[in-house]
Amino acid sequence: MTAHQDPTARPPARTGTPTGYPAVPARTPAAYPTGPHEPWHGPAGRPPAPAGRALSSAVAVPPDTATSPGTSTAPATPIAPDTPDGGSAGRPVPQRIWCVDHDQMGLLALSVWTERMPGRGEDADPFVAYHLGSDQGMLAVFDGSGGAGAAPVWQASDGESRTSAWVGARVARLATDVWFHDVAADGEPATPETLREYLRFFLGYAPQRRSKISGTMRRQLPTTLASVHYRLVGTRDRPELELRPLWAGDSRAYVLRSRSGLQVLTRDHTRESDALELLRTDPPMTNLVCADREFEIDGRSLTHPLPCVLVAATDGFFGYVHTPADFETLLLRTLHQAGTVGEWADLIRREVQAYTADDASLAVVALGYRGFKDLREHFAARLDEMTERYVRTRPRGLDDHSSPAGGAGPGPAHAPDDPGDLPARVRAWQDSTWHAYRAGYETHLPPALEERA
């Protein structure tokens, strides 16, 4: 974790502060605005980008108003409005998918974004980018924390008010976009400290509103961030990825491989860190990105062999499943059913909308595979293993992936189960599957803060 710093003393343009921008004004409670304001220029509320900061070599950046100028983008996969799984008539459909398949580079990428309530989603669009000139890339997700940032702070041109959490997630995305640009194009150090300074800088100029209601849980522009910065290293015969997970809050980043499965790279900033217990409880976060209090960007560095898949997701994806293994099973099952990267993204979107009770966003980057078919074939055996261990063992009547209570199945007939016993059977199944899955899943789990030297 990075060291705490005095928020009232902002040094001018040091390492980690975007050069070419004015210094952030001193942050004192008296300096907070008492009403909504727009210090940035342009309809998107974005400050003008400094000259000469175009990532002309980037090949994968999801379309967004915060994308760096000059960045080459792939077209978003369109979704027709007013579909059964979309929004109400007259409003945009609350979901979006995007993908790119670059065979020559061995790079496949996708992102999925959904709103639970049309027009009220507080997740920002996922960020995915790759810089050809320096062989490095990044994926990130941002989940505005609606409980801590529910107060409105800004009004859009269409008259819709936006909450502190909504603004915070999008400002964090913009700051991350600019930070990655400067890392890739200008040699900015890819460290937690520099990313934290970029976030503080941009949050310092974002719309805020001082509220008479205060408390330990309330924050200005609160959001989680989970990202992986990666760089191709090693030799041509033995290429590797230098990975740097960077995060704050309870969104997560993972690496996925065909033999070892899904392995988490981040540790939730909550007092409870057991993934199964986190499904059963909802503990408050102990750290998240915000404008009015100190926060930390956690980070670590590790090297990983190719090929592999990198994943970043908000809790709308992994926080509403029955067991931690379900999230990996979802990714692999939809991969097996898809014929293209775009179909994979759309199947993931449909699945998450069927079970989540929250906004959900996901970014996926697959590196080192010879196209989508090769990627799918790599994980076929792993899907069979996951199905045998964690899907076919599900208690009957739990959901669509299990046999209905008393229903016919392979083997000898079973007596109908007592529906009253289902909670106990589910809990026992969760405990046993988590015991079997946990060791592999936590291979790269960072140590808790108190365990660090």
statement: Around A312 (Cβ within 11 Å, Cβ-to-Cβ, excluding A312; K/R +1, D/E -1) the net charge comes to 0
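Would you rank Y355, Y130 by solvent-accessible area, highest first, keeping every protein chain in place and using a 1.4 Å probe?
Y355, Y130
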- prompt: Around W434, what is the net charge, scoring Lys/Arg as +1 and Asp/Glu as -1 over all other residues with Cβ under 10 Å from its Cβ?
  reply: -2
Simple spin-label estimate for A439 and S301 in nanometres, 7 Å along Cα-Cβ: 3.1
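The values are calculated or read from the model by the stated rules, or taken from the named source; none is laboratory data. Owing to the predicted nature of the structure, the values given are computational and were not obtained by experimental measurement. Here the Cβ is made from the backbone with ideal geometry for all residues, glycine too, and neighbour counts use every protein chain on show. The protein model used for the area step is the full one, side chains on, heavy atoms only, and it has no ligands, DNA or RNA in it. Shrake-Rupley method; radii C 1.70, N 1.55, O 1.52, S 1.80 Å.
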